[in-house]
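Taking it in order: structure first as structure tokens, then the write-up.
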Amino acid sequence: MLNYMKSEIYRVTHTKEMYLTAGILASLAVLLQVLLYFFGGPYRNTSFSYSNLVSSPMLFGFMGGMVVIFLYEGGRRNGNLKNTVAAGVPRTKIFAGQCVVALLAATVVMVVVVAVWILGAEMLLPKEGPVQLSDLLMEIPMVYLIAAAGLVSGVLFLEFFDKSGTSILVWLSVWIFVPKLLMYLGFRFDMVYDLALWMPANFFDITNGANVNTRECLTAWDTAEGAARCLISGLAGTAVFGILGMKLLKKRDL
């Protein structure tokens, strides 16, 4: 598997997908700061800039899934995946290698984009409002494992399903549609409600206490219980999708 990972790292660092992803996201980050500087009006401050990330923690999960699509969807279309399987590399090793490489790539992209975002905001915008730089910096470790779980599940679905569209739809169902459905059912059944509250799409929601706007900054991880929920759910999600991927893809090799 180590040789496969080395080849994937070489491929990722010598193709345009990773650089294109980082470049587009970094450019959008700069564009937002420039727009706020010239046209922000009452929102022309670092608080509003940072609140775009702090109020949307699931955005990190979406970005993790997007990195997977950018890195590996093309391999399905151009036949690289079939060639790797035909060369005798087990799907379980492919899955594990892709998870590790995609996580490394996504982490690099995240660091670059967040750094550009912060640099642009600090240089161009007044330091005003309830959302501070410290809130954004605290968000990153709180959502990192959840984003990792989203990334691992993205690799799993892209490997398991034959069509990329199906993979994306299943990913959205697992991370958005099903949690919201369980939350609605939870209003009638206490057991379902307790389960639904462990799903990031629900415990990040404003209806469960999180509220980040121009007047206040109350995040899901402000309390010890909330921080633990973020870390435990992310770790559990990463483990569950990792184990599930190894088992399902091992069967496809048989």
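No lab work stands behind these numbers, since they all come straight from the coordinates. Remember, predicted model here, so these are calculated numbers, not experimental data. Here the Cβ positions follow ideal geometry from the backbone for every residue, glycine too, while neighbour counts run over all protein chains shown.
Once the dipole of the chain is set up with Lys and Arg at +1 and Asp and Glu at -1 on Cβ about the Cα centre, which of 150, 50, 69 lies farthest towards its positive end? Final value for the positive-end residue is 69. With a cut-off of 15 Å between beta carbons, the residues surrounding residue 64 carry a summed charge of -3, where Lys and Arg count +1 and Asp and Glu -1.
Per-residue Karplus couplings for segment 159-171, computed as 6.51 cos²θ - 1.76 cosθ + 1.60 with θ equal to phi - 60°, are listed in order as 6, 7, 8, 6, 10, 5, x, 5, 4, 5, 5, 5, 4 Hz, Gly and Pro entered as x. Taking the Cα centre of the chain as origin and assigning +1 to Lys and Arg Cβ atoms and -1 to Asp and Glu Cβ atoms, the resulting dipole is close to 1060 debye. Under 5 Å from the amide H of residue 218 lie the amide H atoms of 211, 212, 213, each residue being 5 or more positions distant or on a separate chain, with H modelled from the backbone and absent for Pro and chain starts.
Once C-alpha pairs closer than 8 Å and six or more residues apart are averaged by separation and normalised to the residue number of the chain, the relative contact order reads 27 percent. Of the three principal axes defined by the Cα atoms of segment 103-254, the extents in descending order read 59, 41, 27 Å. Comparing 89, 101, 54 in a Gaussian network model of the chain, where Cα atoms under 10 Å apart are tied by springs, the biggest mean-square fluctuation is seen for 89.
Averaged over residues, the count of other Cβ atoms within 10 Å places the peptides 35-43, 225-233 in the sequence 225-233, 35-43, highest first. Length available on full extension from residue 2 to residue 180: 0.36 nm per residue minus the Cα-Cα distance, which gives 60.2 nm.
In order along segment 127-143, the Karplus-derived 3J(HN,Hα) couplings, from 6.51 cos²θ - 1.76 cosθ + 1.60 at θ = phi - 60°, round to 8, 9, x, x, 8, 9, 4, 4, 5, 5, 5, 6, 4, 4, x, 6, 9 Hz, and Gly and Pro are given as x. Annotation for residue 169 and residue 246: the two label points, set 7 Å from Cα along the Cα-Cβ direction, are 3.1 nm apart.
Each Lys and Arg Cβ is given +1 and each Asp and Glu Cβ -1; about its Cα centre, segment 149-254 then shows a dipole of about 380 debye. The phi torsions of segment 225-235, fed into the Karplus equation with coefficients 6.51, -1.76 and 1.60 and a -60° offset, translate into couplings of 5, x, 4, 5, 4, 4, 5, 5, 5, x, 5 Hz, rounded to whole numbers, with Gly and Pro shown as x. Packing order of peptides 91-98, 113-120, highest average first: 91-98, 113-120 (average count of other Cβ atoms within 10 Å over each peptide's residues).
From most to least packed by mean Cβ count within 10 Å, the peptides 234-241, 145-152 give 145-152, 234-241.
Quotient of the Cα radius of gyration of the chain and 2.2 N^0.38 Å, N being its number of residues: 1.08.
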